[in-house]
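Got a structure for you, questions after.
The values are calculated or read from the model by the stated rules, or taken from the named source; none is laboratory data. This structure is a prediction, so every number in the text was calculated from the model and none was measured. Here the Cβ positions follow ideal geometry from the backbone for every residue, glycine too, while neighbour counts run over all protein chains shown.
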Amino acid sequence: MALLPIIILPDPVLRQVSKPVERVDDGVRRLVADMFATMYDAPGVGLAAIQVAVPRRVLVLDVAGKDDPPAPIAMINPQILTRGNELRLHEEGCLSIPDTHVDIERPATVRVRYLDEQGVVQERDADGLLATAIQHEIDHLDGRLIIDFLSKLRRDMVIRKFRKQAKTS
Ligand code: NI
């Protein structure tokens, strides 16, 4: 397993739309393992492949609490089938946009279909933080970021801040 460098705003790679995985093979399983290692090291509760510069529809999640056993979930080619009507508000962060939090309201429940690491189709219902994290990570696969939920004025402020940091580091 290897730790992969995480891409940070304003790198344009984050705006790429990721392509579906055609075959779940050892290369994909290695990517998933490296993504888990990178996510736990960060630490974070979710990571999309595009955040480590791989434009494929792959994401990893673990929303287990600190005192709970790990609950790793890998999703390949995830697709939201249904969204509940109720909304859930969460202050979201992102490993690609450090020290930035955005209050976002998303559907509180989703049903998602994806391939697991064996290439088997899975479906599951998610609520709470898992539902929020799944939607956040699928947004990444479509090139969408939490700052897109801000007004243009505030979004531009965040982008400017990161542009300045990128120059000075
Ligand atoms: Ni993120």
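Any residue at all in segment 75-95 that's at pLDDT 95 or above, assigned to a helix (DSSP H, G or I) and acidic (D, E)?
No; the residues of segment 75-95 include none that is at pLDDT 95 or above, assigned to a helix (DSSP H, G or I) and acidic (D, E).
Could I ask something else about it? Give just the number: which of (1) of a type in the set (D, E); (2) outside any strand (DSSP E or B); (3) under 30 Å from R23 (Cβ atoms) does D148 not satisfy?
(3)
Take the residues in segment 16-43 that are surrounded by 14 or more Cβ atoms within 10 Å (Cβ to Cβ) and of a type outside the set (A, V, I, L, M); name whichever of them is nearest to G119 (Cα to Cα).
Ranking the candidates gives R29 first.
Which residues, taken from segment 96-114, are assigned to a strand (DSSP E or B), away from the ligand (no atom under 16 Å from the Cβ) and aliphatic (A, V, I, L, M)?
Across segment 96-114, the qualifying residues are V110, V112.
Here's something else I'd like to know. Within the group I104, I73, I6, which residue is over 19 Å from Q135 (Cα atoms), buried (at least 17 other Cβ atoms within 10 Å of the Cβ) and touching a residue at least 12 places away in the same chain (Cβ under 8 Å)?
Criteria check complete, one pass: I6.
Next question. With (1) closer than 15 Å to Y114 by Cβ; (2) out of contact with any Phe, Trp or Tyr (no Cβ under 6 Å at 6 or more places or on another chain); (3) hydrophobic (A, V, I, L, M, F, W, C) as the list, and V60 as the residue in question, which single condition is left unmet?
So V60 meets the others, but not (2).
Look through segment 130-146, keep the residues that are closer than 14 Å to D62 by Cα and of a type in the set (G, A, S), and return whichever of them is nearest to the ligand (Cβ to nearest atom).
For segment 130-146, the residue satisfying everything is A133.
Follow-up. Answer yes or no as to whether R29 is closer than 24 Å to V121 by Cβ, out of contact with any helix residue (DSSP H, G or I) (no Cβ under 8 Å at 6 or more places or on another chain) and away from the ligand (no atom under 13 Å from the Cβ).
Yes, satisfied.
When residues of segment 1-51 are filtered for being farther than 28 Å from M157 by Cα, part of a helix (DSSP H, G or I) and of a type in the set (G, A, S), how many remain?
3
Just to check your reading of the model, which residue among E123, E117 is within 19 Å of the chain's Cα centre (by Cα) and assigned to a strand (DSSP E or B)?
Just one listed residue meets the conditions, E123.
For segment 56-74, how many residues are part of a loop (DSSP other than H, G, I, E, B) and in contact with a strand residue (DSSP E or B) (Cβ under 6 Å, 6 or more places away or on another chain)?
So the count comes out to 1.
Scan segment 124-144 and report the pairs whose first residue is within 19 Å of A64 (Cα to Cα) and of a type in the set (G, A, S) and whose second residue is within 14 Å of the ligand (Cβ to nearest atom) and in a helix (DSSP H, G or I), with Cβ atoms within less than 8 Å and a gap of 6+ or a chain change.
Correct list of pairs: A126/I134.
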